[in-house]
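The structure appears right after this line, and notes come after that.
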Amino acid sequence: MTAKPKFAVVLSGCGVYDGSEIHEAVLTLLAIDRHGGSYQCFAPDRPQMHVVDHLSGQPTEESRNVLVESARIARGNIRDLATFDAAEFDVLVFPGGFGAAKNLCGFAVEGPDCAVDPATAKAVKAMAAAGKPIGALCIAPALLAKIIGGGVDVTIGDDAETARAIDSMGAHHQVAGHGQVVVDKKRKVATSPCYMLDSTIAQIADGADNTVKALLGLIGT
């Protein structure tokens, strides 16, 4: 373990309906900093699946880039996920938001048969092969279910339909509540439901904080 654990945080755009959930992303970064870690944000350099007007909730005719939009949350300090090197980091973590299921994979539309963004799959597999911890919030655990499979324990809260889809991808879903974290110690995966439950921002902060603490506990185990 390094003196200051290094987190790679993968974003999927900017905004809950078509990108990263902003509260989850920012509170994850805050938790990393408060627990003595450092972070570098990443996102794939590719078009978003679509763009949603967050006031009306309706899709628009715009076209936006996942990396460019994610840079809004990262204050410009972000790298193309294609350049990710697992040797540089201790932990990989995915905040939620529909972008995780639209831009990092197609789970939101295609369900269990979804394709996965190649750079995202490569990053997850590299960290798993290196025995390094991986975290995910909200709907992002579905992404880990698709890539890792093998009965990995994850949670998206208590939504039965989504849980069945996760199980069908080879993972093992566990029900969890506000702020709770499901930890698969064997595979070094920690997940929390966050906004997959009807939540306050304080409860999201608890989920992000507890996930970061769980991931720190998995380093070097």
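Write out, first by first residue and then by second, each pair whose Cβ atoms fall under 8 Å of each other, whose residues are 6+ apart or on separate chains, and whose first residue, in segment 147-169, is in a helix (DSSP H, G or I) and of a type outside the set (Phe, Trp, Tyr) while the second is buried (at least 20 other Cβ atoms within 10 Å of the Cβ) and at pLDDT below 95.
So the pair list comes out empty.
From the list Val10, Val26, exactly one residue is of a type in the set (A, V, I, L, M, F, W, C), surrounded by 14 or more Cβ atoms within 10 Å (Cβ to Cβ) and under 12 Å from the mean Cα position of the chain (by Cα). Which is it?
Details: Val26 fails: under 12 Å from the mean Cα position of the chain (by Cα).
Sole residue among the options that is of a type in the set (A, V, I, L, M, F, W, C), surrounded by 14 or more Cβ atoms within 10 Å (Cβ to Cβ) and under 12 Å from the mean Cα position of the chain (by Cα): Val10.
Given (1) crowded, with 18+ Cβ neighbours inside 10 Å; (2) touching a residue at least 40 places away in the same chain (Cβ under 8 Å), identify the lone condition not met by Arg72.
(1)
Yes/no per residue for (1) in contact with a helix residue (DSSP H, G or I) (Cβ under 6 Å, 6 or more places away or on another chain); (2) farther than 17 Å from Gly19 by Cβ:
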| residue | (1), (2) |
| --- | --- |
| Gln48 | yes, no |
| Gln58 | no, no |
| Ser70 | no, no |
| Gly97 | no, no |
| Cys105 | yes, no |
| Ala108 | yes, no |
| Pro112 | yes, yes |
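Out of segment 108-146, which residues are part of a helix (DSSP H, G or I), surrounded by 19 or more Cβ atoms within 10 Å (Cβ to Cβ) and of a type in the set (Lys, Arg)? Break it down stepwise before answering.
Our first condition is that a residue be part of a helix (DSSP H, G or I); within segment 108-146, this holds for 108-113, 118-129, 141-146.
Next, only the ones that are surrounded by 19 or more Cβ atoms within 10 Å (Cβ to Cβ) stay: 119-120, 123-124, 127-128, 141-146.
Within segment 108-146, just Lys146 meets the criteria.
Given the residues Leu144, Leu55, which is the only one that is in contact (Cβ under 8 Å) with a residue 12 or more places away in the chain, among the aliphatic types (A, V, I, L, M) and at negative phi?
Values: Leu55 fails: in contact (Cβ under 8 Å) with a residue 12 or more places away in the chain.
Checking each option against the conditions leaves just Leu144.
Being part of a helix (DSSP H, G or I) and at pLDDT 95 or above narrows it down to one of Ser70, Ser56, so name that one.
Just one listed residue meets the conditions, Ser70.
List pairs: first residue in segment 197-221 and surrounded by fewer than 21 Cβ atoms within 10 Å (Cβ to Cβ), second residue among the hydroxyl-bearing types (Ser, Thr, Tyr) and not in a helix (DSSP H, G or I) anywhere in the structure, Cβ distance under 7 angstrom, at least six positions apart or on different chains.
Asn210/Ser192
Being surrounded by 24 or more Cβ atoms within 10 Å (Cβ to Cβ) and either more than 23 Å from Val51 (Cα to Cα) or in contact with a strand residue (DSSP E or B) (Cβ under 8 Å, 6 or more places away or on another chain) (or both) is the filter here; which residues of segment 75-97 pass it? Lay out the reasoning, then the answer.
Here is the first cut: in segment 75-97, the ones surrounded by 24 or more Cβ atoms within 10 Å (Cβ to Cβ) are 81, 89, 91-97.
Passing the criteria: Leu81, Phe89, Val91, Leu92, Val93, Phe94, Pro95, Gly96.
Starting from segment 91-107, keep only residues that are in a helix (DSSP H, G or I) and modelled with pLDDT of 95 or more, then list their pairs with residues that are surrounded by 24 or more Cβ atoms within 10 Å (Cβ to Cβ) and among the β-branched types (Val, Ile, Thr) whose Cβ atoms are within a distance under 6 Å, requiring at least 6 positions of separation or different chains.
Ala100/Ile139; Ala101/Ile139
For segment 1-41, which positions are of a type outside the set (Val, Ile, Thr), closer than 20 Å to Ala123 by Cα and out of contact with any Gly (no Cβ under 6 Å at 6 or more places or on another chain)?
Those that are of a type outside the set (Val, Ile, Thr), closer than 20 Å to Ala123 by Cα and out of contact with any Gly (no Cβ under 6 Å at 6 or more places or on another chain): Lys6, Ala8, Leu11, Ala25, Leu29, Gly37, Ser38, Tyr39, Gln40, Cys41.
Which residues, counting only those in segment 190-205, are part of a helix (DSSP H, G or I) and either at positive phi or touching a Cys at 6+ places or on another chain (Cβ under 9 Å) (or both)?
The first filter runs over segment 190-205 and keeps only residues part of a helix (DSSP H, G or I), leaving 194-196, 201-205.
Those that are part of a helix (DSSP H, G or I) and either at positive phi or touching a Cys at 6+ places or on another chain (Cβ under 9 Å) (or both): Cys194, Tyr195, Met196, Gln203, Ile204.
The values are calculated or read from the model by the stated rules, or taken from the named source; none is laboratory data. Note that this is a predicted model, so its numbers are computed, not measured. Quick reminder, even Gly has a Cβ in these numbers, built from the backbone with ideal geometry, and neighbours come from all protein chains shown.
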